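Engineer: Sending over a structure as C-alpha cells; questions will come in a sec.
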Amino acid sequence: DVVESQEHYKSRWRSIWIMYLTMFLSSVGFSIVIMSVWPYLQKIDLTADASFLGWIIASYSIGQMVASPLFGLWSNYRPRREPLVISTAISVAANCLYAYVHVPHSHNKYYMLTARALVGFGAGNVAVVRSYIAGATSLTERTSAMANTSACQAVGFILGPVFQTCFTLIGEEGVTWKFLCLQLNMYTAPVLFGALLGVINIILIFAIFREHRVDDTGRQYKSINSDGEGSDVLDQNTEGSIDHIAVVALNVLFFVILFVFAVFETIATPLTMDMYSWTRKEAVFYNGIILSMIGIESVIVFMVVKTLSKKTGERAILHAGLVIVLVGFFILLPWGKKLPNIQWQEIKNNSIPRTAPSEMLAPFWSLPELQLPSNHTAEPVGCPVTQSWCLNTPMIYLAQYISSDVLIGLGYPVCNVMSYTLYSKVLGPKPQGVYMGWLTASGSGARILGPVFVSQIYTHLGPRWAFSLICGVVVVSLLLLEIVYKRLIAFSVRYGRMQE
C-alpha cells in the first residue's frame, strides 16, 4: 500500500540532497579557517594570547549549542525553509564580519570572537537538517540518509583545510580594495569563499528545496510545519508517546562519543610533541596528515555501515563502535619502561638542542655548540619538565599512537551515524526539531569540554590518568547502552505498526 508518485520521490530526494549540501557547508565554515586563526589573530591584535585563541575556537561550538534548540523549535512550527535561510544568512554575514576584523583600531580580537560565535550560531541549522531528513525518509531509508549526512559533514571538515591551503597562494598581503576597505589575503579569502558558498546554498534552498514528510513505511503526509506541500494527513501514525528514557540515554551516549573524539583531536598535537620531540611545525604537519587519513577512513566507514546495518541492526553496530573506541584509547595507555625525552632549557630561556646521551655526560666546556647566544630562538622540544609526570611516566610508542588513530577513526564514525539514526527512529513521526536541537547541543557541549579536559587532566596528571579516565567513561557508556538496549527501537516498532 506504499503510494508515492515518481515526481514526489524525485522532489523529496532533491530536497534531501540540498540538506546534504547544507551540512557540508556548515562543516566547511568551521574548518576552512581553523589553521589560520592563530596567525591572523596575532597579526590584527598584539594583545591576544593563546588562552584567548582557545575562546575563539570554542565560540563556534558555544554559538551552535545555543542556536540548535532554537532553530529546531522554529522548524517544528514553521516551514523549514525559514530557519534554513536565516541561519545560512547569519553565517554569510558572520564570514563577512571576519573578513573585516582588521579594520577597527582596537579590540580586534573581540570582533573575531563575535564573528566565529555567529558562524557557530548559523551552524545551529544542523538540527533542522537532521530533523528534516528524519521526517522525509522511511525507516528503510533512514540509516543510509543519516550516513550520507555524516559523510558530507566529514568531507566538509576534510576539504576546509584544503581550501585554506589553496588560498595561502594569495599571501599575507594579497590585494587591498580601498573603496571596500577590504584586504583580500590568505586569511580573508577563505571566509569570503565560505560566504559565497552560503549565498549559493540560499539560492538552492529557494529554488529546489520543498517540504516533504513521510511516515515510517514511506507513505506521504502533511506535517504541522508544512507550507502547503504534501498530501494525505496520517495523524493516526503519530499516536503514542516518545520513550524519553531512550532519548536521554542516546543524548548521553552522543555526548560521550563527541567528547572522547574532541579529546583525541585536541590531545594529538601536545601528545606527539611531548612523546616524540616533534617541533610545533612537525606536530601540525604530521597530525594534519593523520587527521586527513582518519577523515577519509571515516567517509569509507559511513558508506560501509549503510549496508552492514541492514544485516545486523543499528544497536549492535553502535555497541561494536564503542568497543572499538575503548580499545583505541586502551592502547594509548603507557606500558613500557622508556621515558620520553625531557625538554631542558638554559636559565636565560635559551633552548639546548637535542644531544646524544654520551655528549650530555661530557663537560660543558668541551661542547662549544651548546654555548648559545642570548638571542637564540631555537624551539625547545621534548616533554617539558614543568609537567612533573614527564619524569616518571613511560612514553607512548609511535606504533601505539598510529594503531590508536586507526581504531578511533573506525569506531567514531560508526558511533556517530548510529546515534543519529537510532535517535531519529526512537522519536518516530513526532516533530523532531527540538529533540535534534538538544542532541546537536550536547555534541557542541562535548566539543567545548574536550579541550578543557585535555588542558587540565593531561597537562597536570599525564596520559596515564587522562586515557584511563576516558576508558572509564566509555565503559560506563557501554553499561548504559546495555541497560537501555531493548528500548532503542523505532517508534512504529514499539507500537506494533511495523516489524523490527
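Engineer: Hey, does segment 305-328 have a residue that's within 30 Å of Val381 (Cβ to Cβ), among the charged types (D, E, K, R) and out of contact with any strand residue (DSSP E or B) (no Cβ under 7 Å at 6 or more places or on another chain)?
Structural biologist: Looking through segment 305-328, none of the residues is within 30 Å of Val381 (Cβ to Cβ), among the charged types (D, E, K, R) and out of contact with any strand residue (DSSP E or B) (no Cβ under 7 Å at 6 or more places or on another chain).
Engineer: For segment 97-112, how many residues are among the small types (Gly, Ala, Ser) and in contact (Cβ under 8 Å) with a residue 24 or more places away in the chain?
Structural biologist: 1
Engineer: I want to confirm something. Restricting to segment 177-189 and keeping residues that are modelled with pLDDT of 80 or more and touching a strand residue (DSSP E or B) at 6+ places or on another chain (Cβ under 8 Å), which single residue is surrounded by the most Cβ atoms within 10 Å (Cβ to Cβ)?
Structural biologist: Of everything passing the filter in segment 177-189, Thr188 is surrounded by the most Cβ atoms within 10 Å (Cβ to Cβ).
Engineer: For Val475, are the conditions met, namely being assigned by the TED database to the domain that holds Val304 and within 25 Å of Ser131 (Cβ to Cβ)?
Structural biologist: No: the conditions fail for Val475.
Engineer: So for segment 154-166 (the condition being over 18 Å from the mean Cα position of the chain (by Cα) and open to solvent by 10 Å² or more (accessible area, probe 1.4 Å)), does at least one residue qualify?
Structural biologist: yes
Engineer: Condition check: of a type outside the set (Lys, Arg), within 19 Å of the chain's Cα centre (by Cα), surrounded by fewer than 16 Cβ atoms within 10 Å (Cβ to Cβ) and assigned by the TED database to the domain that holds Gly198. Does Gly54 satisfy that?
Structural biologist: Yes; evaluated as a whole, the condition is true for this residue.
Engineer: Specify the residue that is farthest from Met146 (Cα to Cα); the eligible residues are those in segment 291-312 that are touching a residue at least 24 places away in the same chain (Cβ under 8 Å) and either polar (S, T, N, Q) or open to solvent by less than 30 Å² (accessible area, probe 1.4 Å) (or both).
Structural biologist: Taking the candidates together, the pick is Ser292.
Engineer: Looking at Arg447, Arg464, which one is closer than 23 Å to Gly122 by Cα and surrounded by 17 or more Cβ atoms within 10 Å (Cβ to Cβ)?
Structural biologist: Result of the check over Arg447, Arg464: Arg447.
Engineer: Here is a follow-up. With the requirement that a residue be open to solvent by 50 Å² or more (accessible area, probe 1.4 Å) and either part of a helix (DSSP H, G or I) or of a type in the set (Phe, Trp, Tyr) (or both), what does segment 167-176 give you?
Structural biologist: Passing the criteria: Thr168, Leu169, Ile170.
Engineer: Further question on the same structure: What number goes with the only condition from (1) open to solvent by less than 50 Å² (accessible area, probe 1.4 Å); (2) hydrophobic (A, V, I, L, M, F, W, C); (3) closer than 30 Å to Leu258 by Cα; (4) more than 17 Å from the chain's Cα centre (by Cα) that Val199 does not pass?
Structural biologist: For Val199, the failing item is (1).
Engineer: Could you pull out the residue among Ser419, Ser403 that is under 25 Å from Cys152 (Cα atoms) and either of a type outside the set (A, V, I, L, M, F, W, C) or under 15 Å from the mean Cα position of the chain (by Cα) (or both)?
Structural biologist: Ser419
Engineer: If I filter segment 1-23 for residues that are open to solvent by less than 50 Å² (accessible area, probe 1.4 Å), over 17 Å from Gly120 (Cβ atoms) and not in a helix (DSSP H, G or I), do I get at least one hit?
Structural biologist: Looking through segment 1-23, none of the residues is open to solvent by less than 50 Å² (accessible area, probe 1.4 Å), over 17 Å from Gly120 (Cβ atoms) and not in a helix (DSSP H, G or I).
Engineer: Looking at Met436, Met395, which one is in contact with a helix residue (DSSP H, G or I) (Cβ under 7 Å, 6 or more places away or on another chain), among the aliphatic types (A, V, I, L, M) and crowded, with 24+ Cβ neighbours inside 10 Å?
Structural biologist: None of the other options fit; the residue is Met436.
Engineer: Also: How many residues does segment 452-487 contain that are touching a Phe, Trp or Tyr at 6+ places or on another chain (Cβ under 9 Å) and either among the hydrophobic types (A, V, I, L, M, F, W, C) or at positive phi (or both)?
Structural biologist: 12
Engineer: Additional query: Filter segment 467-489 down to residues that are open to solvent by 10 Å² or more (accessible area, probe 1.4 Å), over 30 Å from Ile56 (Cβ atoms) and either in a helix (DSSP H, G or I) or not β-branched (Val, Ile, Thr) (or both), then give me how many there are.
Structural biologist: Of the residues in segment 467-489, 13 are open to solvent by 10 Å² or more (accessible area, probe 1.4 Å), over 30 Å from Ile56 (Cβ atoms) and either in a helix (DSSP H, G or I) or not β-branched (Val, Ile, Thr) (or both).
The values are calculated or read from the model by the stated rules, or taken from the named source; none is laboratory data. It should be emphasised that the depicted structure is a prediction, and the values quoted were computed from it without experimental measurement. Positions of Cβ are generated from backbone atoms using ideal geometry, with glycine treated the same way; all protein chains shown enter the neighbour counts. Please note that ligands, DNA and RNA were not included when accessible areas were found on the heavy atoms of the full protein model with its side chains. Shrake-Rupley method; radii C 1.70, N 1.55, O 1.52, S 1.80 Å.
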